[in-house]
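In what follows, a structure is listed as structure tokens, so that the remarks can point back to it.
Please treat every number below as a calculation from the coordinates, not as lab data. The structure presented is a predicted model; accordingly, all values stated were derived computationally and were not measured. No Cβ is skipped: glycine too gets one built from the backbone with ideal geometry, and neighbour counts run over all protein chains shown.
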Amino acid sequence: MSFHTGRFATATRALLWCAPATCALPLCLLLLSTSAFAQSTSADLDKYWALRDRLDDEFMVQGAAAGDSIPATYRLDVAGLAVWSDATVRVGWYLGVLATEHALLADPIRYPGFDDGRAGSLATTDQALGDALAALERLDNRAEPSFPFPLCLNVARSTNGFFIRDDVPSSFAGQLPGTTAVLSDGSDLLYTNKEESQDQAYHLLIGLSLVAHLVPAGTVIDGRDLQADAFAQASRIARHLAANSWTIRNPACNKDVERGADTIGYAVGIRKAIAFISGGAVNLTVPTAGTIAWPTLRSPLNPAYINTDNLHMAMAVIAIGDGYGADTLDVLVDLANLQHWTAYPLLEEVLHGPSVTGWSSHRAALVTAARDALDELPAGVFPSSPTGGPPAVHGWTTSHRYLRPDSEQYSGGSGTWGQRYPGLDFMLLHDLVYLADPTAWTPVWAGFDAPAGAVCVGDTVHLTARSGFASYAWTIDGAAAGTRATLDWTPSQAGAVDVALTVGSGGETDTRHATVLVSDTGDCASPDGSDSDGGADTDTDADTDAEADSDAAAGGGDTDDAEASKPATCGCAADARPSALGWGALLLGVRRRRSTVKSTR
């Protein structure tokens, strides 16, 4: 997609943009409005992983064969149909989801519980990311041979930055459960429908920029260093965009591509984007027409934005390349207000923070708007079109919330009845908001290890939090004992001692308690509960389960003490260590108490 069709002279191309003097009127931030109740981090995380599982099960096949690791655009189950349309846009956002997922999984101290208790989740994500990068390279390498001979003559394989939109064959029908037919650009009889266009390229650069920025060098899957590969593929794509006077050519057919060939309006943004991805290693030359056009893109009054395709393409390259320096976030916020496309300002912060100018002033409104969008989707409900019925209660009703106009949110688009969508837009927004603002992440899991049996006076008891949080506060019988993830405690007298750990993140806290039995040496309970040596009997009703949350009185968390009888064992060992019992992985019942806002519509 482009500003216009066909090839225009350079001077004409520049004049299609409004002049900076008429485009520089500021718009206020419209993301703030009325207050609303936001769901917990845990609730939105449940939706995230439900969508991730659904993506893998119903919208794609992960692997290395033709069609693999390319998410479908939508399913029409009433017809048993899966459709791949503009699929490389989805590949770009899929790469972004996996890259941000890697970053969250790799930082359990800051994002405790993000893995949802899934063993090996980081390795699983990295494998999917390696397969997706391989799929994109496959679309590049196999592009030229996919065009028919003798209509097109240069059909030898070449990895040169020119790609096709997908390579899903018609035989893919049945690969996804419940499907009996497929439609795809890659198998379209009109061969030009499989050609790349500039919108495909820009959204691929979103995903590749996140991989290059968030996945550390040395993360290797099947011999592929993910960071280095993202840089290499982004460089090839950008160089191909810039070739031929910033006009995309189909090298197999030696002609301009049919759709979205003219990239001159975004040339400065593309140059900045690839310079960021490559760490300055790639510096493209931009002609005068491109430098004239670029300043006009910062204004929401630019008439080019009547076409929303121009808007999302501009916002993509602006965010990737920090396109207007210190003014970039302000520009993206103003542009986001045109269609309530909050994802792009958050992308700017994730890629370029903490140096982003204006983040502190925009943070609350952007995070709130994003959290509201996530909260809208009810638990157990998935993105789909409500066409033919009343408007949905959520805005995830289009094939892509951050490409489709605001008017289609909540009501779907024309001709979309029955379509179900993969939810890549929801998932990437979810990850971006927490990477942009880690304080928005509240504790999802809590608990700590404690001895299962009695310990002795004078022993060292080592207590360890089961997950990482932003803050810790240990107490022993209500007295402050420490503020670290671990606590070494030496009891001074016998009895039942309350040990509590309060964890905090994002301004919210949750507390877990345990009763630890402390005995004089050799003073142990006999199996019948009688005193074995005539001394004071130890408590045979030790509480070994989590007690009420600190906010239980407000309606959250546990509301009772599930006690368990644990007779003390005879004999006490010095340097008592945690038992295997543990109390980790306890879901928090956290109530949010913060003002949240919905976007003005």
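Descriptive notes on the structure:
- Close contacts from the range 175-195, counting a first residue that is farther than 19 Å from Arg420 by Cβ and in contact (Cβ under 8 Å) with a residue 24 or more places away in the chain and a second that is among the basic types (Lys, Arg) and in a loop (DSSP other than H, G, I, E, B), with Cβ to Cβ under 6 Å and a gap of 6+ residues or different chains, come to Asp185/Arg165; Lys194/Arg165.
- Looking only at the range 306-341, and only at residues there that are polar (S, T, N, Q) and touching a helix residue (DSSP H, G or I) at 6+ places or on another chain (Cβ under 9 Å), the one that is farthest from Ser278 (Cα to Cα): Gln339
Residue by residue, here is whether (1) over 30 Å from Tyr191 (Cα atoms); (2) buried (at least 23 other Cβ atoms within 10 Å of the Cβ); (3) out of contact with any Gly (no Cβ under 7 Å at 6 or more places or on another chain); (4) in contact (Cβ under 8 Å) with a residue 40 or more places away in the chain holds:
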{"residue": "Gln227", "(1), (2), (3), (4)": "yes, no, yes, no"}
{"residue": "Gln233", "(1), (2), (3), (4)": "no, yes, yes, yes"}
{"residue": "Leu241", "(1), (2), (3), (4)": "no, yes, yes, yes"}
{"residue": "Cys253", "(1), (2), (3), (4)": "no, no, yes, yes"}
{"residue": "Thr285", "(1), (2), (3), (4)": "yes, no, yes, yes"}
{"residue": "Thr291", "(1), (2), (3), (4)": "yes, no, yes, no"}
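- Positions within the range 187-199 being surrounded by 24 or more Cβ atoms within 10 Å (Cβ to Cβ) and either out of contact with any Asp or Glu (no Cβ under 9 Å at 6 or more places or on another chain) or not in a helix (DSSP H, G or I) (or both), in sequence order: Glu195, Glu196
The rows are residues; the columns are (1) surrounded by 16 or more Cβ atoms within 10 Å (Cβ to Cβ); (2) touching a Pro at 6+ places or on another chain (Cβ under 8 Å); (3) polar (S, T, N, Q).
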| site | (1), (2), (3) |
| --- | --- |
| Ala119 | no, no, no |
| Leu129 | yes, no, no |
| Arg142 | yes, no, no |
| Pro148 | no, no, no |
| Ser158 | yes, yes, yes |
| Pro169 | no, no, no |
| Gly174 | no, no, no |
| Ala201 | yes, no, no |
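- Within the range 53-89, being part of a helix (DSSP H, G or I) and surrounded by 22 or more Cβ atoms within 10 Å (Cβ to Cβ) holds for Phe59, Ala87, Thr88, Val89.
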